[in-house]
1. Test each condition in (1) assigned to a strand (DSSP E or B); (2) surrounded by fewer than 22 Cβ atoms within 10 Å (Cβ to Cβ) for A:K156 and report the one that comes out false.
2. Output the residue which, of all residues in the stretch B:95-129 that are touching a Gly at 6+ places or on another chain (Cβ under 8 Å) and within 16 Å of DNA strand D (Cβ to nearest atom), is nearest to B:I176 (Cα to Cα).
3. Quick check on the stretch B:130-141. Is at least one of its residues in contact with a Lys or Arg (Cβ under 8 Å, 6 or more places away or on another chain), within 15 Å of DNA strand D (Cβ to nearest atom), under 24 Å from B:C200 (Cβ atoms) and assigned by TED's automatic domain parsing to the domain that holds B:Y353?
4. Can you tell me which residues in the stretch B:85-94 are more than 29 Å from the chain's Cα centre (by Cα) and away from DNA strand D (no atom under 11 Å from the Cβ)?
5. Those residues that are loosely packed, with under 10 Cβ neighbours inside 10 Å and within 7 Å of DNA strand D (Cβ to nearest atom), I need them from the stretch B:45-63; list them, please.
6. Condition first: of a type in the set (K, R) and within 11 Å of chain A (Cβ to nearest Cβ). Now tell me which residues in the stretch B:348-383 satisfy that.
7. Might you check whether a residue that is at pLDDT below 75, touching a helix residue (DSSP H, G or I) at 6+ places or on another chain (Cβ under 9 Å), outside the structural domain of A:S360 (by TED's automatic domain parsing) and in a helix (DSSP H, G or I) occurs anywhere in the stretch A:9-30?
There are 2 protein chains.
Amino acid sequence: MIQDFWNEKALFVKDSEKISNILPGSALTRIMKDENTHYGVKEIARRANVSIATVDRVIHNRPGVSEKTKKKINDIIIELDYQPNVLASRLASRKIISLAVLIPRVSEETDFWEAPLRGVMRAESEIKKYGIQVLPFFFDLNDKHSFTEQAELILKKEVQGILLAPSFIEESRQLITACQKLKIPVVFIDSNVPEQDNLCYIGPHLFQSGYVGAKLLTYRLKENHKVLVVNISKEKDNYSYLQIEDGFRSYFKDHSQPCEIIRIDIKDTDKLSVTKDLTRVLFEHPDIEAIFVTNSRVFSVASFLENAGRKDISLIGYDFLKENIRFLKEGMIDFLICHKPEEQGFRGLMALYQTLVLGSPVEKVHFMPIDIITKENQAFYQN
Amino acid sequence: MIQDFWNEKALFVKDSEKISNILPGSALTRIMKDENTHYGVKEIARRANVSIATVDRVIHNRPGVSEKTKKKINDIIIELDYQPNVLASRLASRKIISLAVLIPRVSEETDFWEAPLRGVMRAESEIKKYGIQVLPFFFDLNDKHSFTEQAELILKKEVQGILLAPSFIEESRQLITACQKLKIPVVFIDSNVPEQDNLCYIGPHLFQSGYVGAKLLTYRLKENHKVLVVNISKEKDNYSYLQIEDGFRSYFKDHSQPCEIIRIDIKDTDKLSVTKDLTRVLFEHPDIEAIFVTNSRVFSVASFLENAGRKDISLIGYDFLKENIRFLKEGMIDFLICHKPEEQGFRGLMALYQTLVLGSPVEKVHFMPIDIITKENQAFYQN
DNA sequence: ATTGGTTTCGGGTACGTACCCGTAAATATA
DNA sequence: TATATTTACGGGTACGTACCCGAAACCAAT
């Protein structure tokens with residue numbers, strides 16, 4: 001079963017280009033093709049006996065060119081393998097492209113979304129020289145209404161592309177449907193919306209992430225002991241969570257571990273609720289040996305365990321948050337799993353840039369690595 | 001002691017920009033400054049009552065401008081926070097910049113250097129539109145002479161920057177000294193040359209990498225058992241190896257583990273030598289419970305263990321090589337540690353680009369993350 | 001043949017910077 | 001004072017593409 005999984009994944013993992021035939025010998029061995037002979041519109045125009053303007057019309061398929069010359073020019077374009085000069089193109093084009101970013105606001109509860117935002121800003125600073133403008137919009141993770149509100153604002157702004165964290169599935173669906181009508185490409189980050197058409201998804205493979213979590217958890221587990229899965233979230237229908245737990249449980253199935261898995265939902269994210277619920281569970285199951293928290297709120301569990309003096313329990317959770325790192329350094333948290341949130345923001349914007357400016361295709365699904373962070377390697381982690 | 005280390009490292013780890021004061025409220029909250037008012041040389045010239053050409057001369061500090069006007073123009077440049085338009089700049093400048101890359105050839109023994117080369121090529125395709133040319137040179141890891149040979153070729157080519165894998169310390173020193181005289185910036189990747197001036201170093205923090213290796217190794221270790229450190233290398237004075245082993249041993253010191261550490265140097269990399277030496281060591285120390293291989297040749301140890309039927313021994317090594325991944329999947333290797341070799345190649349070239357084209361400063365040392373790869377997360381690893 | 005309309009195309013300028021070339025001004029020399 | 005030499009600066013063109021504007025060329029109807 002797991003074997004099938006690897007094969008399936010092979011489709012997603014980027015094929016590393018083959019660099020073979022690097023000949024031995026002391027002489028200089030060139031790999032890259034010399035592309036010194038780079039033709040532009042001028043050469044195309046010359047060969048087709050037309051003006052640059054006509055070539056330009058064909059390239060941007062604007063009207064005003066006869067079918068005959070259009071074909072002739074297109075043939076020459078293909079023959080010369082014409083690659084437009086992005087520099088000159090963006091320099092000459094005076095219109096600016098607007099991209100909207102809709103992600104959760106950085107709240108006091110969690111600073112997780114700082115990282116994707118950093119990635120977005122980094123991407124913006126890289127591509128604003130090409131005349132691209134980024135408009136950030138934020139919604140409240142505890143308020144679905146704020147999401148729809150911001151979504152409407154975006155649609156009014158007439159942007160050319162959207163980077164979206166589809167935290168609320170139904171509300172996201174509405175926005176995406178509207179974008180499809182307007183032919184606006186949408187990129188999802190952090191979580192996916194199943195069976196919804198989009199430009200691409202950039203984020204974790206949640207099932208496998210839970211699988212890795214289980215592996216790490218069992219690594220120092222004694223046999224036949226209990227494991228606790230904790231889900232702290234206000235959201236009811238948490239699709240992401242289900243995938244993670246699915247992967248987590250699959251690991252035990254695949255390795256036929258007879259380990260008992262307790263689970264608990266904590267609906268309120270405040271400290272009191274967490275303390276209350278955990279106290280109860282640990283009282284009912286005193287032999288719990290490890291805890292797996294399915295999201296970034298692992299710090300609240302760590303805080304509880306620290307106060308309760310339960311340093312014997314292994315703890316694994318998600319995300320490179322300041323508070324989590326603190327507990328990781330202290331040894332209260334054993335492992336953090338992380339999916340490169342900053343990279344997600346960065347790549348998300350770049351995917352839109354690639355589509356709208358460069359016109360080159362992007363991969364439909366881009367899974368982030370499942371990074372394992374420990375006390376020892378955290379200082380060098382690149383979020 | 002280890003505490004000091006963290007504090008020291010804090011200097012290297014990039015400060016994540018503070019994104020605070022993101023106000024609540026449903027209205028659109030902008031973060032980025034609107035930089036619509038972007039002035040160019042024309043505006044500078046207008047304000048200084050000079051021509052564009054004069055401003056240009058000041059910007060590139062070419063001669064032919066009086067001190068007085070030079071100062072006036074520089075003041076205006078600072079006042080307006082002038083940012084040159086890289087697009088226009090590279091478009092107008094017809095000269096191409098050549099960068100040399102000197103790294104080991106991809107050999108049959110190891111395909112490790114495929115990854116940095118991929119990174120280099122990726123960087124090249126991103127910056128060749130700015131008129132930058134990359135000249136790759138390769139040397140043989142078993143032949144110091146080939147290194148000096150290629151180094152001389154590079155110097156003849158009159159390149160403007162060099163990306164270097166300083167595998168041979170003394171030979172690298174010679175090249176670097178020559179480059180200093182010629183004012184050619186040099187970037188090191190993968191390993192550093194101590195006390196040698198360079199533009200920057202991009203690679204692992206080897207000490208800490210060994211430290212992480214020890215942590216992972218002890219994770220499933222029973223108490224009071226023996227650990228074997230294996231160094232497979234033809235090179236005698238292996239500086240990198242010493243740092244890794246130093247970190248590895250430090251972990252045990254810091255955690256006062258009474259674990260006995262055996263070590264062995266295997267000078268010949270062929271299968272027979274490895275088999276012979278390992279057989280002897282395992283015979284002398286039958287209670288060895290875990291093996292730590294200090295470089296990417298862990299696959300040869302895995303192969304030996306597989307044939308010897310010793311699945312009981314934990315095995316940790318380095319690098320995301322095809323053969324290593326195979327043994328990781330099979331379960332013969334427990335963990336691989338990896339330092340993003342592709343990223344190293346990419347960033348190395350981009351550092352040169354940043355210096356030579358953008359003229360912006362680069363960090364002197366850029367440590368790569370210490371990535372932990374397991375059977376479960378390997379499919380999503382980005383080398 | 002003339003008019004009006006449409007289709008098809010070319011000239012030319014602009015984007016922001018680099019840099020050649022020529023020249024006025026400043027200074028030195030006779 | 002006249003001339004040579006240096007210094008300081010401006011005009012103008014080019015990079016490769018986008019796109020406005022206008023003008024042929026063609027067609028159809030009067």
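1. Condition (1) is where A:K156 drops out.
2. Ranking the qualifying residues of the stretch B:95-129, first place goes to B:I97.
3. Applying the first criterion (in contact with a Lys or Arg (Cβ under 8 Å, 6 or more places away or on another chain)) to the stretch B:130-141 yields B:130-131, B:134-136, B:138-141.
If we keep only those that are within 15 Å of DNA strand D (Cβ to nearest atom) too, we end up with B:130-131.
With the extra rule that they be under 24 Å from B:C200 (Cβ atoms), the set shrinks to B:130-131.
Add one more test, that the residue is assigned by TED's automatic domain parsing to the domain that holds B:Y353, and what stays is B:130-131.
Checked against the condition, which is being in contact with a Lys or Arg (Cβ under 8 Å, 6 or more places away or on another chain), within 15 Å of DNA strand D (Cβ to nearest atom), under 24 Å from B:C200 (Cβ atoms) and assigned by TED's automatic domain parsing to the domain that holds B:Y353, the stretch B:130-141 yields at least one hit.
4. Matches in the stretch B:85-94: none.
5. B:N49, B:P63
6. Restricting attention to the stretch B:348-383, the residues satisfying the condition of being of a type in the set (K, R) are B:364, B:375.
Passing the criteria: only B:K375.
7. Yes, some residue in the stretch A:9-30 is at pLDDT below 75, touching a helix residue (DSSP H, G or I) at 6+ places or on another chain (Cβ under 9 Å), outside the structural domain of A:S360 (by TED's automatic domain parsing) and in a helix (DSSP H, G or I).
Yes/no matrix, rows are residues, columns are (1) more than 9 Å from DNA strand C (Cβ to nearest atom); (2) at pLDDT 90 or above; (3) surrounded by 12 or more Cβ atoms within 10 Å (Cβ to Cβ):
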site	(1), (2), (3)
A:V65	no, yes, yes
A:T69	no, yes, yes
A:V86	yes, no, yes
A:L99	yes, yes, yes
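The values are calculated or read from the model by the stated rules, or taken from the named source; none is laboratory data. Note that this is a predicted model, so its numbers are computed, not measured. Virtual Cβ from ideal backbone geometry, glycine too; neighbours counted across all protein chains shown.
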